[in-house]
Amino acid sequence: MREEAPVRWDEERRTWDVFGYEEVKTVLDRKEVFSSRVFRDGKSLFENGLLNLDPPKHTQMRDIVNKAFTPKAMKDWEPRIQAITNELLDAVEGKQEIDLVEQLSYPLPVLVIAEMLGVPAKDQRKFKDWSDQAVAGPANNSEEAKSEQLQKQQQVVGELYAYFKEIIELKKKEPADDIISVLLQASVNGESLTEEEIVGFCILLLVAGNETTTNLITNAIYTFLEYPEVYRQIKNEPDELLPAAIEEVLRFRSPVQASFRFVQEDVVLGGKELRAGEYVIAWMGAANRDEKQFQDAEQFVVPRKPNLHMAFGRGIHFCLGAPLARMEAEIVLKEWIRRYPDFRLSADFTLKPLESTFAYGIKELLLT
Ligand code: HEM
């Protein structure tokens with residue numbers, strides 16, 4: 001499909017699908033043609049959030065939130081991420097079988113972000129429940145289940161809003177070393193974020209950062225099992241090979257498969273004429289397996305040089321949390337390999353892919 005039609009019209013969805021590496025790159029780079037303002041009817045919670053803004057508003061907001069995501073700020077979290085990883089792994093020590101998703105890759109990013117946001121330890125359980133519910137899919141594919149899930153999600157988001165407002169009041173009185181305190185004080189050219197924007201940003205972090213990092217960690221372990229020879233080398237030289245292995249998992253099994261854009265002016269892409277007002281889905285997951293860009297694209301190759309994948313996007317919306325996700329994955333995988341170098345798939349394991357068009361991962365990973 002990618003080779004025959006790097007860009008194609010999907011009549012059912014009434015959107016353009018973009019699969020080719022060069023074409024996806026163009027969509028992500030040409031922000032004046034391919035707008036991120038995909039919600040325009042005032043109904044989406046994320047309409048005015050970072051991910052769905054264009055310059056100049058996007059530039060202003062990104063400059064401010066960048067202050068909470070500096071490389072130094074990320075580095076400072078390293079010992080806490082290691083400690084949380086150890087606690088989660090200590091809790092399953094000695095068990096015959098564990099579900100990596102439930103016990104490690106799922107709770108870790110939520111607990112880390114809770115601490116980074118300054119959620120007090122006593123509230124972290126409640127916070128994790130909200131966060132789970134905010135991203136939970138419908139119980140099944142029926143219209144009833146979908147509408148029930150939407151209602152539930154709206155309720156949860158309302159609760160999260162109220163909760164973050166409380167935290168903001170607390171941090172105004174007692175600023176500490178956390179993202180909310182930094183954002184309350186940060187300003188660029190005299191502009192700072194409103195409280196509404198801070199709350200919206202916190203909720204965006206939960207949605208953008210949790211399930212994605214979970215899937216990166218789980219996809220890595222699953223891929224190591226599938227490629228034992230590559231894993232043997234990684235295991236022998238984790239310091240040298242793990243960072244490259246993580247990049248290759250991001251390319252090979254991209255946790256975020258695609259992103260939406262809105263066409264602002266008529267444009268030709270991959271030989272097709274796109275019209276202003278149409279929607280585009282840039283399939284980074286497909287682009288990341290484009291043979292024109294990656295030799296042996298269907299193989300898991302570590303180290304792959306160069307590895308210019310687009311799993312974190314590109315350009316002005318390049319993932320703000322990429323350094324954090326990479327660091328979390330490296331710490332967790334290193335600790336996992338240290339404790340369980342010869343882990344195996346459990347006999348009870350069956351492959352249950354996530355029922356999602358845009359998220360790539362599996363629901364559980366039973367290991368012994
Ligand atoms: C943006 C992927 C983890 C926060 C993005 C985009 C991608 C992405 C593809 C660009 C979307 C677009 O251009 O429309 C991922 C993957 C992750 C990950 C694969 C994990 C493996 C995180 C984490 C955080 C985070 C841990 C924060 C805690 C964000 C934010 C944006 C973003 C705030 C919007 C940036 C902007 O619009 O300027 N991410 N992400 N992400 N991500 Fe991530």
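The values are calculated or read from the model by the stated rules, or taken from the named source; none is laboratory data. Note that the structure is predicted; figures quoted are calculated from it, not measured. Cβ atoms come from the backbone with ideal geometry, glycine included; neighbour counts cover every protein chain shown. When the accessible area is computed, the model is the full protein with side chains, heavy atoms only, and any ligands, DNA or RNA have been set aside. Shrake-Rupley method; radii C 1.70, N 1.55, O 1.52, S 1.80 Å.
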Just give me the residues in segment 38-62 being charged (D, E, K, R) and either surrounded by 15 or more Cβ atoms within 10 Å (Cβ to Cβ) or within 12 Å of the ligand (Cβ to nearest atom) (or both), in sequence order. Glu47, Asp54, Lys57, Arg62
Just to be sure I understand the filter: pairs with C-beta atoms under 9 Å, separated by 6 or more residues or on different chains, first member in segment 151-179 and more than 23 Å from Ala136 (Cα to Cα), second member part of a helix (DSSP H, G or I) and open to solvent by 80 Å² or more (accessible area, probe 1.4 Å). Which pairs pass? Pro175/Gln185; Asp177/Asp76
Qualifying residue in segment 1-16 (condition: of a type in the set (A, V, I, L, M, F, W, C), surrounded by 15 or more Cβ atoms within 10 Å (Cβ to Cβ), in contact (Cβ under 8 Å) with a residue 12 or more places away in the chain and within 14 Å of the ligand (Cβ to nearest atom)): no
Exactly one of Ser187, Ser192, Ser254 is in contact (Cβ under 8 Å) with a residue 40 or more places away in the chain, closer than 17 Å to Met284 by Cβ and hydroxyl-bearing (Ser, Thr, Tyr), and that residue is Ser254
Being buried (at least 17 other Cβ atoms within 10 Å of the Cβ) and either among the charged types (D, E, K, R) or within 16 Å of the ligand (Cβ to nearest atom) (or both) is the filter here, so list the residues in segment 78-98 that pass it. Ile81, Ile84, Thr85
Scanning segment 303-340 for residues that are of a type in the set (Lys, Arg), part of a loop (DSSP other than H, G, I, E, B) and within 10 Å of the ligand (Cβ to nearest atom) gives Arg314
Taking segment 131-151 and keeping only residues that are within 16 Å of the ligand (Cβ to nearest atom) and either hydrophobic (A, V, I, L, M, F, W, C) or open to solvent by 80 Å² or more (accessible area, probe 1.4 Å) (or both), one is left with Ala134, Val135
Scanning segment 63-74 for residues that are open to solvent by 40 Å² or more (accessible area, probe 1.4 Å) and under 14 Å from Ala322 (Cβ atoms), which turns out modelled with the highest pLDDT? Asn66
Give the residue that is farthest from Lys363 (Cα to Cα), with candidates limited to residues of segment 188-203 that are open to solvent by 20 Å² or more (accessible area, probe 1.4 Å) and assigned to a helix (DSSP H, G or I). Glu195
What is the residue count in segment 104-129 for residues that are free of Cβ contacts under 8 Å to residues at least 60 places away in the same chain, under 21 Å from the mean Cα position of the chain (by Cα) and open to solvent by less than 50 Å² (accessible area, probe 1.4 Å)? 7
Quick check on this structure: which one of Gln295, Gln299 is over 15 Å from Leu250 (Cα atoms), of a type outside the set (Gly, Ala, Ser) and open to solvent by 70 Å² or more (accessible area, probe 1.4 Å)? Gln295
Hey, Leu365 surrounded by fewer than 18 Cβ atoms within 10 Å (Cβ to Cβ), in contact (Cβ under 8 Å) with a residue 60 or more places away in the chain and under 19 Å from Phe224 (Cα atoms) or not: no
Checking the structure you have, find out if any residue of segment 348-362 is away from the ligand (no atom under 16 Å from the Cβ) and surrounded by 15 or more Cβ atoms within 10 Å (Cβ to Cβ). yes
